[in-house]
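Notes follow the structure.
The values are calculated or read from the model by the stated rules, or taken from the named source; none is laboratory data. Keep in mind that what you see is a predicted model, and the values were worked out from it rather than measured. Neighbour counts are summed over all protein chains in view; Cβ atoms, including those assigned to glycine, are modelled from backbone coordinates with ideal geometry.
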Amino acid sequence: MEATLLERPAVNVMAGIPMSKQQFLNWNGDDEFLYEFDNGIVIPTDGMKKAERYLVVNIQDKFAALDAYRNGGRLLAETDCWLTEDQMRRPDLSFFSREAIRVTDDSSEPIPPFVVELISPSNTSKHVEQKVIEYFAAGVQVVWHVYPDLRMVRVFTSPRHNVTCFEQDAFSAAPAMPDLQFTVDELFTL
């Protein structure tokens, strides 16, 4: 039944596909999209672009030198993050401690304290801003919005407090990981 939803021209896939959580958990989209779930609506996302991979590598390389990494924490790419019982987002990178990674109890979903979103032209401003609100409501402490086309980083420490950085501006993942620090030029080094 689920596959026919994608084939019907009357359904606007980009606007979302109505589906129960159980259907979503058992569903395989079998196309080029990655999917998020938001209160009964399945939302397609296009995932990380090949041209953005170096940004993730730069972040992961710096992270690998930190105590958080040595203590078993990891930056996971495009992993499911259940922010609430009915809302799953898939940030481009999210930090999970060793303890959070080892949680296997289905009744508890760990919330990453730090997430990175690579913002592309296909992202709508409404969706980007809505996710910031959702992340902080769930307990995320820091969100980086990385704009590859603008060579710009916006660092959120709450939905109301953010700083926009360019070129030699320094930024960090504080308070979640104060020792994860970059300048914008450093992040964008190929």
Please tell me if Gln60 is modelled with pLDDT of 90 or more, out of contact with any Pro (no Cβ under 8 Å at 6 or more places or on another chain) and not assigned by TED's automatic domain parsing to the domain that holds Glu134. no
Near pairs, Cβ below 6 angstrom, 6+ apart or cross-chain, from region 28-42 (touching a residue at least 60 places away in the same chain (Cβ under 8 Å) and surrounded by fewer than 16 Cβ atoms within 10 Å (Cβ to Cβ)) to any residue that is assigned to a strand (DSSP E or B) and among the aromatic types (Phe, Trp, Tyr): none
Looking at (1) over 22 Å from Phe63 (Cβ atoms); (2) touching a His at 6+ places or on another chain (Cβ under 6 Å); (3) not polar (S, T, N, Q), which is the one condition that is false for His127? (2)
Give the residue, chosen from Val140, Val115, that is in contact with a Ser or Thr (Cβ under 6 Å, 6 or more places away or on another chain), crowded, with 21+ Cβ neighbours inside 10 Å and either touching a residue at least 60 places away in the same chain (Cβ under 8 Å) or among the β-branched types (Val, Ile, Thr) (or both). Val115
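Hydrophobic (A, V, I, L, M, F, W, C), out of contact with any strand residue (DSSP E or B) (no Cβ under 8 Å at 6 or more places or on another chain) and in a loop (DSSP other than H, G, I, E, B): which single residue out of Ala51, Ala65, Ala100 fits that description?
Details: Ala51 fails: in a loop (DSSP other than H, G, I, E, B); Ala100 fails: in a loop (DSSP other than H, G, I, E, B).
Checking each option against the conditions leaves just Ala65.
Can you pull out every residue in region 65-79 that is within 21 Å of Leu190 (Cβ to Cβ) and either out of contact with any helix residue (DSSP H, G or I) (no Cβ under 9 Å at 6 or more places or on another chain) or hydroxyl-bearing (Ser, Thr, Tyr) (or both)? Show your work before the answer.
Of all residues in region 65-79, those within 21 Å of Leu190 (Cβ to Cβ) come to 65, 75, 77.
Answer for region 65-79, where residues must be within 21 Å of Leu190 (Cβ to Cβ) and either out of contact with any helix residue (DSSP H, G or I) (no Cβ under 9 Å at 6 or more places or on another chain) or hydroxyl-bearing (Ser, Thr, Tyr) (or both): just Ala65.
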